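Report on one structure; see the data block that follows.
Every number here is computed from the coordinates shown, using simple stated rules; none is lab data. What you see is a predicted model; the values in this text were computed from it and never measured. Cβ sites come from the backbone with ideal geometry, for glycine too, and all protein chains shown count toward neighbours.
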Amino acid sequence: MPKILIIEDEPITRATLASYLDAQGYEVFESETAELADELLSKQEFDLLIIDVNLDGKDGLQITREQRAKSNVGIILVTGLVDDVDRIVGLELGADDYVCKPFNRRELLARIKNLLRRTSESRRLSRRVFRFEHFEFEPQSRRLMTQDGSVISLTRAEYEVLNLLVSRAGEVIDRDALMRIVTHRQYGTNPRTVDVLIRRLRAKLEVDPSSPQLITTAHGEGYVFTGRLN
């Protein structure tokens with residue numbers, strides 16, 4: 001049974017949503033503060049967090065940043081404000097989805113089901129550790145490290161692109177396929193956006209990004225990971 005933590009300081013909204021999700025067969029936990037949420041998160045593992053952005057004290061964006069730095073837990077942000085800046089920042093920090101109050105419960109349930117299905121599959125595929133050149137890539141923890149233990153920061157989109165390329169090393173992946181696995185779409189739907197993400201990854205991985213050896217271009221087709229996996 002998937003475990004969901006609702007972090008929401010408005011009691012009626014929190015209780016109503018918890019009751020609804022409990023009736024749908026989920027194991028639901030509630031927290032009215034970030035501090036209580038931290039305590040719950042330190043004691044057990046959750047499959048999904050539903051976080052109100054506008055909490056007093058530590059807000060939902062900070063919680064998202066902290067959780068994404070150490071786990072791949074599914075995150076849906078909720079806010080009463082229709083604010084594109086908050087939405088974009090939240091997604092860039094690693095949230096998987098974003099809904100505005102008042103939300104349709106059936107629509108939210110559909111989003112929850114889709115996200116849990118996706119994160120469950122991602123966890124299954126992410127258990128392997130990939131080693132190439134002087135790097136170690138751990139998809140489950142979203143960590144890219146050098147041999148000396150230095151951690152290389154990846155945005156969620158960079159992680160998703162790298163994960164697909166490395167897990168299908170030697171196979172040409174077209175731009176559309178790469179774009180489809182980028183779960184947050186603040187970047188838009190133009191598949192050329194993938195080129196930007198590839199350039200960022202090359203800057204972090206390649207000795208000479210202008211002459212890439214790990215992520216190479218298949219002209220007219222897409223990209224392929226050509227590094228040797230150890």
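Its alpha carbons considered, the stretch 1-56 gives a radius of gyration followed by a Dmax of 10.6, 31 Å. Each Cα pair of the stretch 130-225 feeds into the Kirkwood radius, which the Stokes-Einstein equation turns, at 37 °C and 0.692 mPa s, into a diffusion coefficient of 242 µm²/s.
Before rounding to the nearest 500, sum -39500 (n - 2.57) across all DSSP H runs of length at least 4 in the chain and divide by the residue total; then give [θ] at 222 nm in deg cm²/dmol. Present the calculation step by step, with values, prior to reporting the outcome.
On the way: 8 runs with 93 residues, N = 230.
Calculated from helices alone, the mean residue ellipticity at 222 nm is -12500 deg cm²/dmol.
Within the listed set Ser71, Ser211, Ser31, the residue fluctuating most in the Gaussian network model of the chain (springs between alpha-carbon atoms under 10 angstrom) is Ser211. Output the pairs from Lys70/Lys101; Lys3/Lys43; Lys43/Lys101; Lys58/Lys113 with a Cα-Cα distance over 22 Å in this structure; if there are none, say none. In this structure, Lys70/Lys101; Lys43/Lys101; Lys58/Lys113 lie more than 22 Å apart at Cα. Kirkwood analysis of the Cα pair distances in the stretch 3-125 returns a hydrodynamic radius of 14.3 Å.
For the residues Ala218, Ala18, Ala157, a GNM of the chain with alpha-carbon springs under 10 Å puts the largest fluctuation on Ala218.
At most 16 other Cβ atoms within 10 Å plus a DSSP loop assignment makes a site exposed; report the longest stretch of the chain without any exposed trypsin sites (Lys or Arg not before Pro).
1-57
Which of these, Glu107, Glu32, Glu160, has the largest mean-square fluctuation under a Gaussian network model of the chain (Cα springs below 10 Å)? Of Glu107, Glu32, Glu160, the most mobile in the Gaussian network model is Glu107. Sorted from greatest to least, the principal axis extents spanned by the alpha carbons of the chain come out as 57, 36, 31 Å.
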